[in-house]
Amino acid sequence: MIKPIVVQEISKSYGAIEAVRDLSFEVEQGELFGLIGADGAGKTTLMRILITLLLADKGKAYIQGMDVVDDYKAIRKIIGYMPGRFSLYHDLSVEENLNFFASIFNTTVKENYHLIKDIYSHIEPFKTRPAGKLSGGMKQKLALSCALIHKPDILVLDEPTTGVDAVSRREFWDMLKKLKTMGVTILVSTPYMDEAGQCDRVALIQSGSILAIETPEAITQLFGRRLFAVRAANMFTLITSIEHLPGLKFTLAGQFINVYDEADRYNSETLLSLITAAGNTGVSITEVQPTIEDCFIKLMTKKPAA
């Protein structure tokens, strides 16, 4: 069976900067696949290669079995793309933008309205408003409607929820899950680690390389160490102490510090004794489950420097 997306050892550099390095992965039919990484990780470069807007320096990529270089015209007809920056026409109304994108693909809004009904219904009351005057969440819904109006087989979304409020982010992911049930294959990138759990599988990307590809549940199991949320009366003193205790690693986690031991030697009682002996008072320690963000940071520290 032909895979919707196949990436084989793709590399791309901008001068001395290697944006992506030997990336390889496959996306299954009807899968919601996430590219998870911070700004500058290489997500946008990879997506632009896949949607035929950028040529790779090395490697091959295929969309529905078609080469992204040789078959770019055919690929553009079956892909819906939503760039990270709102790129619709600000001075055209909501309705005019949607009609324009439908006409590009020789279709009409009426013909494919069923594809966007659940999304477009949120902004249809404002269809005469200029797109540039929409809120962030409404712009997001309009951009997704325009990407879907030609009934694409594959949807490519580059950081679609960046800068959008929490409610709109949740609504957007609910929309993606519904599109997935309709058989649309979705490739989405995000810098938000909490959104990784919304995907069927994720690829963690850092500095142009893939650190891991797994289901969100399997990613958290890669942590392989007990993790403790730690507080103390003086958090600055606590951080200083942990930095000087051999084998302990930590990350900031809101009002707590997440601490683990590289050799996994300690339970909560022995860790409490160790931190208290270092001069800390009012210490509380609770064992917690690692998140994808914890795993991502741990994998980054293991990655050799380029």
| task | Provide the three semi-axes, in whole Å and in decreasing order, of the ellipsoid equivalent to region 225-289 as defined by the square roots of 5 times the Cα gyration tensor eigenvalues. | result | 15, 13, 11
| note | Mean Cβ-within-10 Å packing, highest first, puts peptides 194-203, 219-228 in the order 194-203, 219-228
| Cβ under 14 Å from T44's Cβ, T44 left aside: what net charge do those residues give with Lys, Arg +1 and Asp, Glu -1? | +1
| What value does region 147-233 have for Rg/Rh, both radii from Cα atoms and Rh as Kirkwood defines it? | 1.05
| Pairing the Cα long axis of helix 166-181 with the longest principal axis of the chain, what angle in degrees results, from 0 to 90 and rounded to the nearest 10? | 60 degrees
| request: Before rounding to the nearest 500, sum -39500 (n - 2.57) across all DSSP H runs of length at least 4 in the chain and divide by the residue total; then give [θ] at 222 nm in deg cm²/dmol. | output: -9500 deg cm²/dmol
| message | How tilted is helix 94-104 with respect to the longest principal axis of the chain? Cα atoms for both, answer in degrees (0 to 90, nearest 10). | response | 70 degrees
| What residues qualify as long-range amide H neighbours of D67, i.e. H under 5 Å apart, gap of 5 or more or another chain, H built at 1.01 Å from N? | none
| query | Which of P160, P152, P130 moves the most in a Gaussian network model of the chain with Cα springs under 10 Å? | reply | P130
| field | Rg/Rh (Cα only; Kirkwood hydrodynamic radius) as it applies to region 158-306 | value | 1.05
| message | Using the Karplus curve 6.51 cos²θ - 1.76 cosθ + 1.60 with θ = phi - 60°, what ³J(HN,Hα) values do you get for each residue of region 10-16, in whole Hz, with x for Gly and Pro? | response | 6, 9, 8, 10, 10, x, 7
| said: Compute a Gaussian network model of the chain, connecting alpha carbons closer than 10 Å, and tell me which residue from T161, T44, T181 fluctuates the most. | reply: T181
| task | Compute the Cα gyration tensor for region 252-300, then decide on rounded, prolate or oblate, letting a ≥ b ≥ c be the square roots of its eigenvalues: rounded whenever a/c is under 1.5, prolate when a/b is larger than b/c in the other cases, and oblate in all that remain. | result | prolate
| task | In a Gaussian network model over the chain where Cα atoms closer than 10 Å are linked, find which of S11, S207, S121 has the largest mean-square fluctuation. | result | S121
| said: What number does the chain give for Rg over Rh if you use C-alpha atoms and the Kirkwood radius? | reply: 1.06
| query | With contacts defined as alpha carbon pairs under 8 Å and 6 or more residues apart, what's the relative contact order of the chain in percent? | reply | 19 percent
| query | Could you work out Rg/(2.2 N^0.38 Å) for region 88-228, with Rg from alpha carbons only? | reply | 1.19
| task | Give me the angle, in degrees from 0 to 90, between the Cα long axis of helix 235-244 and the longest principal axis of the Cα atoms of the chain, rounded to the nearest 10. | result | 80 degrees
| query | So, how do all the Cα-to-Cα distances of region 6-113 break down into 5 Å bins, in percent, from 0 on up? | reply | 2, 10, 18, 19, 18, 14, 10, 6, 1, 0
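Any read-out appearing in this document is the output of simple, stated calculations on the displayed coordinates, not a laboratory observation. Please read these numbers as outputs of a predicted model, since none were measured by experiment. Reconstructed Cβ throughout: ideal geometry from the backbone, glycine too, with neighbour counts over all protein chains shown.
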